[in-house]
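Chemist: Next up is a structure, given as structure tokens.
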Amino acid sequence: MYKTKLLAIVMLLTLMVGILGACGGNANTGSEENGAKNSGGGKSGDKVELSVLFADSLFAGIHAELIQEFEAAHPNIKIKAESLPDSGIFDALRIRVSTNEVPDAYQVNIGHITTGLANDAGYLADLSSYESMAGYSESIRNAVSIDGKPALFTLGVGVLGLAYNKDMLAEVGLSEPPKTWEAFMDAGKKLKEKGKDLFVYAGKGETMMGNVFHWAFGSYAVKDPAFKEAYLSNKIDWSKPEYRAILKEGFERFKELNQYTRVGSFTNEFTIAQQAFAEGDSAVLMSGTWEGGALRKLNPDMKLGFMNMPYAAEDQNAYIFVPEDGLAANAKSAHPEETKIFLNWMFSKETYAKILKAKGSFSAMPGVGELDESYTDVPAWLETDRIQSFANTGPVPNNTWVALGTFAQELTFQGDVEKSIDKFIAEYNKTIAK
Amino acid sequence: MQKRMFITGIFFVAPITIILAIFLFFPILQSVYYSFTDWKGVGGYSFVGFSNYLDIFNDESFTNALKRTLLIGIAAAVLTNLCGLLFALMLDQALKTKSLLRALFYIPNVIPIVVAAFVWRYMLDANSGLLNEWLSKLTGDRIAIPWIDSPDYVVYSIIAITVWQMWGPIMIIYLAALQGIPQDMKEATMIDGASKWRRFISLTLPMIAPGITVNVLIGLANGLRIFDLPFALTGGGPAGSSETLAVKIYRYAFSSTELSLGLASSFVLTICAMVVTFFFIAISRQYEKGVM
């Protein structure tokens, strides 16, 4: 009996010590813990481990070789790369910010809600002192700034648009991409008759479903500066009939387009949509000037083109400018010097040129990289006064934009356009009121 | 002596009590507290009373997700049990392939659900999925049913996959219960001339009643908290038609900055799960009392 009690007491004490040890004491952040693990990382001979978080597509699949190259050149720094599916990257960042486990370098999108959260929590480093930031033009540095500080090394800039298969459009008599909505829908009808789809996109990427509305809002903003200002500042009075009409047209066109959209687009991962496009099942893919490399990799023989969504007449249509995602540095990193070395190397002109080559995206650094031939028209678009800086995730708050996509999908399956509009307006006003 | 026993008992109970208090009760209470605030997961917060609860019940997508989750939970519990019991009855016979079948029925539960979701995504794809291909060959017509791409089908597809995934462990519990029925009782009912159906109703079912309670609770719990399958299979789409309460909680908490709404929704889910569970336990106890 005595032995049993003694054993119980010893076990209990051991457990208590274990629990208290696990729970108490170290109130450091995750990144600080990472640092503690490698304390003295800066000392010669010790290896520092940097954690880097990004989505699968950010480096178009060449991240492993880049990291290998970096580690070979910097034997004292080890990169612990965490690559996640595209649809989960910002959710992951959101969790890391909440739990104070932000990696040393991490993917952000300048307009995304999580970037603001990271900034509010003090995790967004000012990159103005990083040498590689000088490679970007001033306009790009401004476009990727928050609170006046450059906050990310963007992988590129460009426009949201439609990648298209030239051969498939030629099959329905189009030697040039369609210039009007009617011609676009006509192409859809003809392709459907041949058992093919006009359009494919990826609903799993939450914000993508609302993308058609970028052109709905953008083309109206081209002709109405007051609307543009209200839109960018999230103060649209949707009770105005002319503004309500924008929504109505957007919803109706979304529904019309979905007659020729590949089944599965509402629940697809983007990789599935890319695959359907690359295999010639769909003629057009909702895309941007950052996908060329990935698409050519999937089908090197495809004659790839890139067009603006023909939402409005060509001379009134908007071009949707998007600063691409990039890497930010953790302002609370335990290894700020090593993080700086890594990011400076990653976004040096030489490394950035390699990334651009793999991605086929539109360069954000003057004089670096070659323009993919499918994007030859894009520089001329950027010369016009019809550029709308409606990044993929703004200015409408993320959850309201996702709701817009959901209401538009609901309308596609069943429902009443007026009800869909009312639902969106209620959601918009509710979010803005908060 | 009794006091000593009591103190010893306390010592033995203390470790798990402390662990539960730290890792379960405290976080639950903290979550309930935060559900009455406007905390976004980062930074400060203020007390907002029942405002979050009012907000979620005014949100149509939340109430739809709640109804959908209850449907999935109840349907999954019923169907998983029917399938599990059927397979267990099959395997309780003198079959040569018993071991092989048992392994085959159990395999779906071993596959990680996210992996299973991706496999099912290819199986159920409307354009080139195997299921439509088989149906097309069977009927001679081109079948392109949007199993996971239409609000009309997606919930039923999710229920079916959940049942497929869960019937293994349920079957094993039933099989153990069936094998626990004394042989002499089985023989007595046969000598009395009872038909197979009568033997099942009057002997088998009452004898495995505790197993039914456990299995239905397992089925309900799995159905009500379902997250990974719809999230990996459809992301909650199309048009939010496969968004379960757990997915909705995730959306509130992580896709937007409304963590406090997510916490309020979690509390509602917990209450629903408890109500459904206690209701079922009450019914099953009555049944067990009545028949045993």
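Chemist: Given the conditions (1) surrounded by 21 or more Cβ atoms within 10 Å (Cβ to Cβ); (2) more than 11 Å from the chain's Cα centre (by Cα); (3) part of a helix (DSSP H, G or I), and given that B:Pro206 satisfies all but one, which numbered condition is not satisfied?
Modeler: In the conditions (1) surrounded by 21 or more Cβ atoms within 10 Å (Cβ to Cβ); (2) more than 11 Å from the chain's Cα centre (by Cα); (3) part of a helix (DSSP H, G or I), B:Pro206 misses (1) alone.
Chemist: So in the range B:55-83, with the set limited to residues that are open to solvent by 50 Å² or more (accessible area, probe 1.4 Å) and more than 12 Å from chain A (Cβ to nearest Cβ), which one is farthest from B:Gly223 (Cα to Cα)?
Modeler: B:Phe57
Chemist: Hey, another quick one. Can you tell me which residue in the range A:29-74 is farthest from the chain's Cα centre (by Cα), limited to those that are modelled with pLDDT of 90 or more and open to solvent by 70 Å² or more (accessible area, probe 1.4 Å)?
Modeler: Per the stated criteria, the residue is A:Ala72.
Chemist: A:Val263 passes all but one of (1) modelled with pLDDT of 95 or more; (2) in a loop (DSSP other than H, G, I, E, B); (3) not aromatic (Phe, Trp, Tyr); which number fails?
Modeler: (1)
Chemist: Further question: May I ask you to list the residues in the range A:75-124 that are within 15 Å of the chain's Cα centre (by Cα), hydrophobic (A, V, I, L, M, F, W, C) and within 14 Å of chain B (Cβ to nearest Cβ)?
Modeler: A:Leu84, A:Ile89, A:Phe90, A:Ala92, A:Leu93, A:Ile113
Chemist: Hey, A:Glu176 hits all of (1) modelled with pLDDT of 95 or more; (2) under 21 Å from A:Ala278 (Cα atoms); (3) surrounded by fewer than 20 Cβ atoms within 10 Å (Cβ to Cβ) but one; which does it fall short on?
Modeler: Going through (1) modelled with pLDDT of 95 or more; (2) under 21 Å from A:Ala278 (Cα atoms); (3) surrounded by fewer than 20 Cβ atoms within 10 Å (Cβ to Cβ) one by one, A:Glu176 breaks only (1).
Let's see how each residue does on (1) free of Cβ contacts under 8 Å to residues at least 24 places away in the same chain; (2) in a helix (DSSP H, G or I):
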site: A:Trp215; (1), (2): no, yes
site: A:Ser219; (1), (2): no, yes
site: A:Val222; (1), (2): no, yes
site: A:Phe227; (1), (2): yes, yes
site: A:Ile236; (1), (2): no, no
site: A:Ala245; (1), (2): yes, yes
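Chemist: Quick one: in the range A:405-434, which of the residues that are more than 12 Å from every other protein chain (Cβ to nearest Cβ) and assigned to a helix (DSSP H, G or I) is farthest from A:Gly250 (Cα to Cα)?
Modeler: Among those that are more than 12 Å from every other protein chain (Cβ to nearest Cβ) and assigned to a helix (DSSP H, G or I), it is A:Ile432.
Chemist: If you take the residues of the range A:187-208 that are open to solvent by less than 10 Å² (accessible area, probe 1.4 Å) and part of a loop (DSSP other than H, G, I, E, B), which of them is nearest to the other protein chains (Cβ to nearest Cβ)? So that I can check it myself, show each step before the final result.
Modeler: If we filter the range A:187-208 for residues that are open to solvent by less than 10 Å² (accessible area, probe 1.4 Å), which is where we start, we get A:187-188, A:191, A:198-202.
Adding the requirement that they be part of a loop (DSSP other than H, G, I, E, B) leaves A:201-202.
Details: A:Tyr201: 12, A:Ala202: 9 Å.
Filtering the range A:187-208 for residues that are open to solvent by less than 10 Å² (accessible area, probe 1.4 Å) and part of a loop (DSSP other than H, G, I, E, B), the one nearest to the other protein chains (Cβ to nearest Cβ) comes out as A:Ala202.
Chemist: Among the residues that make up the range A:309-321, is at least one of them outside any loop (DSSP other than H, G, I, E, B) and in contact with a His (Cβ under 9 Å, 6 or more places away or on another chain)?
Modeler: yes
Chemist: Considering A:Gly161, A:Gly156, which residue is touching a residue at least 12 places away in the same chain (Cβ under 8 Å), under 29 Å from A:Tyr311 (Cβ atoms) and in contact with an Asp or Glu (Cβ under 6 Å, 6 or more places away or on another chain)?
Modeler: Numbers: A:Gly161 fails: in contact with an Asp or Glu (Cβ under 6 Å, 6 or more places away or on another chain).
From the options A:Gly161, A:Gly156, the qualifying one is A:Gly156.
Chemist: Also, I was wondering about something else. Considering only residues that are in contact (Cβ under 8 Å) with a residue 40 or more places away in the chain and open to solvent by 10 Å² or more (accessible area, probe 1.4 Å), look in the range A:277-292 and name the one that is farthest from A:Lys354 (Cα to Cα). If you could, list the steps in order and put the result at the bottom.
Modeler: Our first condition is that a residue be in contact (Cβ under 8 Å) with a residue 40 or more places away in the chain; within the range A:277-292, this holds for A:277, A:280-292.
Those still in the list that are open to solvent by 10 Å² or more (accessible area, probe 1.4 Å) too: A:280-281, A:290-291.
Details: A:Gly280: 28, A:Asp281: 30, A:Trp290: 14, A:Glu291: 15 Å.
The qualifying residue farthest from A:Lys354 (Cα to Cα) is A:Asp281.
Chemist: In addition: Taking the range B:122-153, which residues are hydrophobic (A, V, I, L, M, F, W, C) and either without any contact (Cβ under 8 Å) to a residue 40 or more places away in the chain or more than 25 Å from B:Arg68 (Cα to Cα) (or both)? Break it down into steps so the answer makes sense when it comes.
Modeler: Kept after step one, since they are hydrophobic (A, V, I, L, M, F, W, C), are these residues of the range B:122-153: B:123-124, B:126, B:130-131, B:134-135, B:138, B:143-145, B:147-148.
Within the range B:122-153, B:Met123, B:Leu124, B:Ala126, B:Leu130, B:Leu131, B:Trp134, B:Leu135, B:Leu138, B:Ile143, B:Ala144, B:Ile145, B:Trp147 qualify.
Chemist: Does the range A:124-153 hold any residues that are of a type in the set (Asp, Glu) and either closer than 23 Å to A:Leu304 by Cβ or surrounded by 16 or more Cβ atoms within 10 Å (Cβ to Cβ) (or both), and which are they?
Modeler: A:Asp126
Chemist: Among the residues of the range B:36-49, write down those that are within 29 Å of the chain's Cα centre (by Cα) and either among the polar types (S, T, N, Q) or away from chain A (no Cβ under 14 Å) (or both). Walk me through it before giving the result.
Modeler: Quick first cut of the range B:36-49, residues within 29 Å of the chain's Cα centre (by Cα) only: B:36, B:41.
Listed by number, the list holds a single entry, B:Phe36.
Chemist: Among the residues of the range B:156-168, is any at pLDDT 90 or above, farther than 30 Å from B:Leu205 by Cβ and surrounded by fewer than 21 Cβ atoms within 10 Å (Cβ to Cβ)?
Modeler: Start the filter on the range B:156-168 by keeping residues that are at pLDDT 90 or above, which leaves B:156-168.
Those still in the list that are farther than 30 Å from B:Leu205 by Cβ too: B:157.
Cutting the leftovers down to surrounded by fewer than 21 Cβ atoms within 10 Å (Cβ to Cβ) gives us none.
No, every residue in the range B:156-168 fails to be at pLDDT 90 or above, farther than 30 Å from B:Leu205 by Cβ and surrounded by fewer than 21 Cβ atoms within 10 Å (Cβ to Cβ).
The values are calculated or read from the model by the stated rules, or taken from the named source; none is laboratory data. What you see is a predicted model, and the numbers here were worked out from it, not measured in a lab. In this analysis, Cβ positions are derived from the backbone assuming ideal geometry, glycine residues included, and neighbour counts consider all displayed protein chains. Heavy atoms of the whole protein, side chains included, go into the accessibility calculation; ligands, DNA and RNA do not. Shrake-Rupley method; radii C 1.70, N 1.55, O 1.52, S 1.80 Å.
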